[in-house]
Amino acid sequence: MVHIQHERWDDAEREFRGALADDPADAPSKAMLAYVLSIRGQHPEAILEARGAIAQAPDFAYAHYMYALVLLQAGKNKEAQRAIGAALKLDPSDDDNWALAASIDAQLGRWKKVLQACDSALEINPENKEALNLRGLALSYVGQKAEGASSLRESLRLDPQDSLTHVLLGDSHLKAGRLDEAVASYREALRLDPDSEEARVGLLDSLRARYWPYRAILTFRNWITRFPSNARWGITVGLYFLAKLARSAADTRPDLAPFLLPPAIAYLGFVYLSWCGATVFNVFLLPHPVGRLALSRIERLSARIVATLWVAGLATASFAWATSSSVPFLPLMFAAFGTLLVGLASHLQSLKAQKWLSLTLGLGLLAAILLYAASTVSQLLGNSAD
């Protein structure tokens, strides 16, 4: 256990494998080995070891708990839910079982069930930090932001050095629109854990949220995550068909177009920014004293590509308009399309793929803008010669 406390995973694995070599029926060692393997990303092996622990001791609640934990870490949320249910049947008095049940429900977006599980855990142990954190997170999702922040502050009182709790408190502030407090919480989380990706992303979101279009995207994202995944798809598809219906109605009833087209256009703009909004607003963070440090190298590169596209696009469009070109807005269309492609590239898992795809797409669209500019200049010179 000392190896686990100090995150010496190789030593921990050797320790538990040694114990199992002496006693292959040692269910606690099998369960702990499953945990270590899961932490190291060896999910299939971890699941097999956890199942082995249950096979050796089917009435051992901790084996079912660990099975649920490794399933959760492997992204098998439904199976994890069944496993923690078995643990709770065997030992409903263990607050950690209830806290893990809350964590699984959080992954499934079942926030009311998260609250119920957290309350059960806290009735047993009022100082269960995971339950306090999850309760604060769930309360913020169901709209009780002040109560959520209070639960997280109680967790921080128990452990002021917990980076994750500072991140969750920052999330709570961000959802409530308290941007300065959110920035402070994320910065404190990064001070405690400079490698915390959750804190870095949260800090960037809180800085981007100072611009109302991005704040609207965050508000919608936070609202829709209150619902289960199936309902989220239904809402998204429903909004799409409403926008399509509004455009069709505007075509058939021109007198209603002033009322129907603006919401449809706003929806299209919202969808556009939902794909590339982070990349767009990263441009404004490049000169920001905190933002430029929080941006990753790839994010800075993408932001510079987007900024270059729009500077070139606006300059070329202005020149084309001033010289009465027939399609003055074509460069802006190139810039908008390039921004979308660079934004989409940022969603790739591979950082190398993000970098090269952003460079390729961005430079390709920039070349198109410059070719258009050259064509406009050539046309202007030809007209002058005539």
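The values are calculated or read from the model by the stated rules, or taken from the named source; none is laboratory data. Small disclaimer: the values here were computed from a predicted structure and weren't measured. With ideal geometry, Cβ positions are generated from the backbone for all residues, glycine too; neighbour counts draw on all protein chains shown.
Side notes on the structure shown:
- The range 140-180, subset free of Cβ contacts under 8 Å to residues at least 24 places away in the same chain and among the basic types (Lys, Arg), residue farthest from Gly291 (Cα to Cα): Arg157
- Test result for Phe319, under 22 Å from the mean Cα position of the chain (by Cα) and not aliphatic (A, V, I, L, M): no
- Enumeration of residues in the range 315-329 that are surrounded by fewer than 19 Cβ atoms within 10 Å (Cβ to Cβ) and polar (S, T, N, Q): Ser318, Thr323, Ser324, Ser326
- Extreme residue, surrounded by the most Cβ atoms within 10 Å (Cβ to Cβ), among residues of the range 275-314 that are among the aliphatic types (A, V, I, L, M) and part of a loop (DSSP other than H, G, I, E, B): Leu295
- Just so you know, in the range 195-227 the residues that are of a type in the set (Asp, Glu) and within 13 Å of the chain's Cα centre (by Cα) include one that is surrounded by the fewest Cβ atoms within 10 Å (Cβ to Cβ), and it is Glu197.
- The set of residues from the range 156-192 being aliphatic (A, V, I, L, M) and within 18 Å of Ala131 (Cβ to Cβ) comprises Leu156, Leu158, Leu164, Val167, Leu168, Leu169.
- Residue check, Ala25 aliphatic (A, V, I, L, M), assigned to a loop (DSSP other than H, G, I, E, B), more than 25 Å from Lys129 (Cβ to Cβ) and at pLDDT below 90: yes
- Test: Ala317 is part of a helix (DSSP H, G or I), closer than 20 Å to Ala368 by Cα, touching a residue at least 60 places away in the same chain (Cβ under 8 Å) and not β-branched (Val, Ile, Thr): no
- Within the range 347-386, considering residues that are at pLDDT below 75, under 28 Å from the mean Cα position of the chain (by Cα) and of a type in the set (Ser, Thr, Tyr), the one surrounded by the most Cβ atoms within 10 Å (Cβ to Cβ): Ser358
- Between Asp59, Asp96, the distinction of being of a type outside the set (S, T, N, Q), surrounded by fewer than 24 Cβ atoms within 10 Å (Cβ to Cβ) and not in a helix (DSSP H, G or I) belongs to Asp59 only.
- Entirely in the range 109-224, the helices (runs of 4 or more DSSP H) that have 3 or more residues that are within 22 Å of Asn77 (Cα to Cα): 111-124, 129-141, 212-224
- Only listed residue being closer than 18 Å to Glu130 by Cα and either assigned by TED's automatic domain parsing to the domain that holds Gly136 or without any contact (Cβ under 8 Å) to a residue 60 or more places away in the chain (or both), chosen from Ala106, Ala83, Ala34, Ala12: Ala106
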